[in-house]
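Quick one: the structure is below, and I'll ask about it shortly.
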């Protein structure tokens, strides 16, 4: 029998950029993804990350609350569960320190982490971010100022940055 710590609650919500899926464990929000294909495929993809036998329940109200915090300015605290190795967790926490309306380069991020010698690992952690917008990896750009890649495409990255007032 699974304990409450092993359970995942997920739900769907519509935001200004399309549909998202949000997941949370007992410890906090652990996944936020933009849906770029069908729901069942996304759930199967997430199950592979969480563990195939992880008990799940659907809660769209929870997902809508998270959507309101991330996109609508709703003032509500969100607990976060960082699921990754310790270095990735450091990277994600540092990304959360980049203010809305600002961007930094991969080199600046590595410098802030005192990890210039691990710049490739910093990039990998950014790319592996499981919580879109909550960990605002879209604010990390290439060293030459180029927008760079984004899991859901550079058009969405540009749209997020425009919405935040970063890109014209």
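Which of the residues that make up the range 145-168 are assigned to a loop (DSSP other than H, G, I, E, B) and either more than 16 Å from the chain's Cα centre (by Cα) or at pLDDT 95 or above (or both)?
Selection gives 145, 146, 147, 148, 165, 166, 167, 168.
Now for a separate question. Scan (1) part of a helix (DSSP H, G or I); (2) under 21 Å from residue 20 (Cβ atoms) for the single condition residue 110 breaks and write down its number.
Going through the list (1) part of a helix (DSSP H, G or I); (2) under 21 Å from residue 20 (Cβ atoms), residue 110 breaks only (2).
Yes/no matrix, rows are residues, columns are (1) in the same structural domain as residue 159 (by TED's automatic domain parsing); (2) assigned to a helix (DSSP H, G or I); (3) surrounded by fewer than 19 Cβ atoms within 10 Å (Cβ to Cβ):
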| site | (1), (2), (3) |
| --- | --- |
| 31 | no, no, no |
| 36 | no, no, yes |
| 76 | no, no, yes |
| 102 | yes, no, yes |
| 125 | yes, yes, no |
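Give me the residue from the range 1-24 that is modelled with pLDDT under 90 and assigned to a loop (DSSP other than H, G, I, E, B) and, out of that set, surrounded by the most Cβ atoms within 10 Å (Cβ to Cβ).
Restricting to residues being modelled with pLDDT under 90 and assigned to a loop (DSSP other than H, G, I, E, B), the top hit is 7.
From the list 70, 78, 35, which one is touching a strand residue (DSSP E or B) at 6+ places or on another chain (Cβ under 8 Å) and modelled with pLDDT under 90?
One residue alone meets the criteria, 35.
Now for a separate question. Does the range 137-144 include one or more residues that are surrounded by 18 or more Cβ atoms within 10 Å (Cβ to Cβ), in a helix (DSSP H, G or I) and in contact with a strand residue (DSSP E or B) (Cβ under 8 Å, 6 or more places away or on another chain)?
Looking for residues that are surrounded by 18 or more Cβ atoms within 10 Å (Cβ to Cβ), in a helix (DSSP H, G or I) and in contact with a strand residue (DSSP E or B) (Cβ under 8 Å, 6 or more places away or on another chain), one finds at least one in the range 137-144, hence yes.
Test residue 11 against the stated conditions and say whether it is in contact with a strand residue (DSSP E or B) (Cβ under 7 Å, 6 or more places away or on another chain) and at positive phi.
The answer is no for residue 11.
Which one of these is free of Cβ contacts under 8 Å to residues at least 12 places away in the same chain, assigned by TED's automatic domain parsing to the domain that holds residue 16, part of a helix (DSSP H, G or I) and out of contact with any helix residue (DSSP H, G or I) (no Cβ under 9 Å at 6 or more places or on another chain): 61, 65?
The match here is 65.
Then there is this: Out of (1) under 17 Å from the mean Cα position of the chain (by Cα); (2) under 20 Å from residue 143 (Cβ atoms); (3) buried (at least 17 other Cβ atoms within 10 Å of the Cβ), what's the single condition that is false for residue 82?
With respect to (1) under 17 Å from the mean Cα position of the chain (by Cα); (2) under 20 Å from residue 143 (Cβ atoms); (3) buried (at least 17 other Cβ atoms within 10 Å of the Cβ), residue 82 is out only on (2).
The values are calculated or read from the model by the stated rules, or taken from the named source; none is laboratory data. These numbers were taken from a predicted model, which means no experiment stands behind them. Quick reminder, even Gly has a Cβ in these numbers, built from the backbone with ideal geometry, and neighbours come from all protein chains shown.
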